[in-house]
Amino acid sequence: MENIRITSTPYDDVFRTLLNDCSHLIIPLINEIFGEHYSGQEKIIFSPNEHFLNQQGGNEDTRIKEIFEKNLLLLIPFYIFSHETRFEQYEKDEIKRKALQEEYEQIKNKLEELLNQGVISEYTKCTIIEMSSKVLEHIAIKYNAVRKGVKKVMGGKILEYEAKAIRQDGISQGISQGISQGIEGTVSILKNLGIPPQTILAKIQEQYNLTPEASKKYL
């Protein structure tokens, strides 16, 4: 049998970037699609197999109010799909193009509200905006006015204070993930050596300065 080469699209890259950098955004989407009730505190483990987003058609019935009500922020970069069939109209008609820009103004404002409420971080907000821009660049490649209009609203250059916040957030996430992986590795080694669970708990509490409650999740 011949090997089949699977290539990804820019939309796959956007989806994977959001999963990797803002993985907590997938929980509300899983709850919505599969009728689950995960709290968002669960540990997310991705399998090594690659998954590709093949469906590129937009849902005309999807509205901004519904996306935010259901916390489906992962879908924001793909919201532009719902307007794809009208790009030619927007390109020629400034009034219609303005209406599209106002929708994205609403999206940006709602993201700012979530940021101010502490629901999302600066890093998550800017990742969503950046990924929205990446999708827009490809889907509206032939519509210059549409691209420029939406990008002007969603943001362009990141302000210096935002860049600092993002950098600090990224560093903090990296440190946290590194510590977590280190603890998991330690626990795995001790288990393989046949060390009793209570001894393992005592060791990681001492080594990583964990409370008894925090250490239990690693067993």
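With r as the distance between the Cβ atoms of HIS24 and THR199 and R0 = 25 Å, compute the FRET efficiency 1/(1 + (r/R0)^6) and round to 0.05. Provide the component values of the computation, followed by the final result.
On the way: r = 33 Å, r/R0 = 1.32.
Efficiency for this residue pair is about 0.15.
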* Structure fact -> For GLN106 and THR186, extending 7 Å from Cα along the Cα-Cβ vector and measuring point to point gives, in nm, a value of 5.0
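We did not get these values from a lab; they are worked out from the coordinates using the rules stated. Predicted, not measured: the structure shown is a model, and the values here were computed from it. Neighbour counts are summed over all protein chains in view; Cβ atoms, including those assigned to glycine, are modelled from backbone coordinates with ideal geometry.
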